[in-house]
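Asker: There's a structure below that I have some questions on.
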Amino acid sequence: MRGLLLLWSLAPLAWQLYTSLVTPEALVSGSAGATGSFWTLENYRQVWLADPPIWRYLLNSAVVGAASTALTLALAVPCA
């Protein structure tokens, strides 16, 4: 039972990793296999070199996360 739960939980993550490492053409044509000829890191290169750069979004997320954590602590600590 635990094995099925683990498979149910990890299968979407494995599928996301698989599709991120295969060319879009291979995904559409259905010819993506274990042959190794369709494996690529090009998708990741496109993300890192995109315009606007992903660094801006990562910085925005870090600022929002830090601000919301600080605000939550500022309100929760006095209440405790």
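Asker: What label, among (i) 11.6, 35; (ii) 14.5, 42; (iii) 20.0, 60, belongs to Rg and Dmax of the Cα atoms in Å computed from the structure on display?
Answerer: The calculated read-out lines up with (iii).
Asker: In addition: Taking only Cα atoms, what is the 0 to 90° angle, nearest 10, from helix 54-79's long axis to the longest principal axis of the chain?
Answerer: It is inclined by approximately 30 degrees.
Asker: While we're here: Run the accessible area of the chain with a 1.4 Å probe and give the carbon-and-sulfur part as a rounded percent.
Answerer: Summing carbon and sulfur atoms, their accessible area is 73 percent of the total for the chain.
Asker: Before I look further, what does the chain give for accessible area per residue, probe 1.4 Å, in whole square angstrom?
Answerer: The answer is 84 Å² per residue.
The values are calculated or read from the model by the stated rules, or taken from the named source; none is laboratory data. Small disclaimer: the values here were computed from a predicted structure and weren't measured. Surface accessibility is based on the protein's heavy atoms, side chains included, excluding ligands, DNA and RNA. Shrake-Rupley method; radii C 1.70, N 1.55, O 1.52, S 1.80 Å.
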